[in-house]
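Before any comments, here is the structure.
The values are calculated or read from the model by the stated rules, or taken from the named source; none is laboratory data. Small disclaimer: the values here were computed from a predicted structure and weren't measured. Here the Cβ positions follow ideal geometry from the backbone for every residue, glycine too, while neighbour counts run over all protein chains shown. Heavy atoms of the whole protein, side chains included, go into the accessibility calculation; ligands, DNA and RNA do not. Shrake-Rupley method; radii C 1.70, N 1.55, O 1.52, S 1.80 Å.
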Amino acid sequence: MALKDYPNHEQCTIKTKDPKISLKENKSQFILINDCQKDIYKTQVDGCLNIKERKCDYLLTVEDNELYIEIYVELKGNKVDYAIKQLEATIKNLAQNNYIKKYCYVVSTKGTGTPGMKKIEDIKRRFDKQYNATLKIKSKKCEQLLSKLI
């Protein structure tokens with residue numbers, strides 16, 4: 001089921017052209033720098049969208065003519081392995097399809113967390129192959145230029 005199929009998705013989504021879209025929870029922060037001045041739809045998934053399964057904190061979507069990308073964000077303390085499961089469950093529930101490019105971010109206050117580096121690289125490859133998604137794990141604060149994603 002895609003995002004638009006959830007009955008309350010409009011209540012959980014705002015449209016913005018702000019130059020910086022900042023998502024913050026506790027000491028974790030993700031900032032999308034809207035250097036392309038695109039319309040960005042910011043959906044609060046956790047705490048708003050009616051999904052019973054695991055879910056990430058936010059979904060940012062960029063839609064502009066031929067362009068459509070999905071950016072999944074999980075702001076976490078230290079359980080990076082659980083954050084990855086939340087991202088994966090959210091993709092399964094909300095992704096438009098597996099052909100659309102997706103970017104997934106875990107921003108953790110405690111560094112890159114418990115999985116070993118080899119395991120993380122295996123998970124990144126699986127996300128790319130299975131979901132057409134790039135997985136990035138960052139510590140405390142992540143700033144991302146939109147122009148680098150499109």
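Contour minus end-to-end for LYS38 and LYS129, with contour as 0.36 nm per residue of separation and end-to-end as the Cα-Cα distance?
Details: separation 91, 0.36 × 91 = 32.76 nm, distance 2.76 nm.
My answer for the length gained is 30.0 nm.
Roughly speaking, what is the stretch gain from ASN78 to LYS20, that is 0.36 nm per residue apart minus the C-alpha to C-alpha distance, in nm to one decimal? Kindly include the intermediate steps, with their values, before the conclusion.
Details: separation 58, 0.36 × 58 = 20.88 nm, distance 2.54 nm.
Length gained between ASN78 and LYS20: 18.3 nm.
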| Accessible-area composition of the chain, carbon plus sulfur, in percent [1.4 Å probe] | 44 percent
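Given a 1.4 Å probe, how much area per residue of the chain is accessible, in Å²? Kindly include the intermediate steps, with their values, before the conclusion.
On the way: 8080 Å² over 150 residues.
Result: 54 Å² of accessible area for each residue.
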| task | With runs of 4+ DSSP H residues as the only contributors, calculate the mean residue ellipticity of the chain at 222 nm using -39,500 (n - 2.57) per run, divided by the residue total and rounded to the nearest 500. | result | -6500 deg cm²/dmol
| request: Label the range 32-117 by shape, choosing from rounded, prolate and oblate, from the square roots a ≥ b ≥ c of the eigenvalues of the Cα gyration tensor; if a/c is under 1.5 it is rounded, and otherwise prolate applies when a/b is larger than b/c, oblate when it is not. | output: prolate
| note | antiparallel share of DSSP beta bridges within the chain, to nearest 5, in %, is 50 percent
| query | Which entry in (1) 15.3; (2) 16.3; (3) 16.7 is this structure's computed Kirkwood radius over Cα pairs in Å? | reply | (1)
| said: Strictly under 4.7 angstrom between C-beta atoms: which cysteines of the chain have no such partner? | reply: CYS36, CYS56, CYS104, CYS142
